[in-house]
Amino acid sequence: MSTRFASQHRNFCLYLESPKRKLVNNEVTHEGGVKCQFVNGTYATDDTRIAAALRKHPACGVSFHEMKTEADKPATGDAQNAAA
């Protein structure tokens, strides 16, 4: 199950690891890095390391937040009454 994050900024982007810059034939190229590009304000990942790093990121809770899944939500009174 993927972990989802939401931002009020539709195209929010951050790097967890900066890409390395190289000069090749007088042109700067970028290699590597971990880029988290939000699309329409959401970002989803199945990688637990990326999810953990996003939770610890200084912008978490400010520029973006983790979305709760159905399993994370507390049971409602109807569900509790049905189980009894």
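Taking PRO74 as the residue in question, decide whether it is at pLDDT below 90 and either surrounded by 13 or more Cβ atoms within 10 Å (Cβ to Cβ) or not hydroxyl-bearing (Ser, Thr, Tyr) (or both). So PRO74 passes the test.
Restricting attention to region 23-33, which residues are part of a strand (DSSP E or B) and either modelled with pLDDT of 90 or more or farther than 20 Å from ARG49 by Cβ (or both)? LEU23, VAL24, GLU27, VAL28, THR29, HIS30 - these are the residues of region 23-33 that are part of a strand (DSSP E or B) and either modelled with pLDDT of 90 or more or farther than 20 Å from ARG49 by Cβ (or both).
Selection within region 1-20: residues that are of a type in the set (Gly, Ala, Ser) and closer than 15 Å to ALA51 by Cα. The member of this set that is surrounded by the fewest Cβ atoms within 10 Å (Cβ to Cβ) is SER2. Each residue in region 21-73 was checked for being polar (S, T, N, Q) and in contact with a His (Cβ under 8 Å, 6 or more places away or on another chain), and 1 pass. Looking across region 34-49 at every residue that is of a type in the set (A, V, I, L, M) and at pLDDT 95 or above, the one that is surrounded by the fewest Cβ atoms within 10 Å (Cβ to Cβ) is identified as VAL39.
Can you tell me which residue within region 8-46, out of those that are hydrophobic (A, V, I, L, M, F, W, C) and within 11 Å of the chain's Cα centre (by Cα), is farthest from PHE64 (Cα to Cα)? Of everything passing the filter in region 8-46, LEU16 is farthest from PHE64 (Cα to Cα). Residues in region 1-22 that are of a type in the set (A, V, I, L, M, F, W, C) and part of a loop (DSSP other than H, G, I, E, B): MET1, PHE12.
The values are calculated or read from the model by the stated rules, or taken from the named source; none is laboratory data. This structure is a prediction, so every number in the text was calculated from the model and none was measured. Counting neighbours? That spans all protein chains shown, and the Cβs are built from the backbone with ideal geometry, glycine included.
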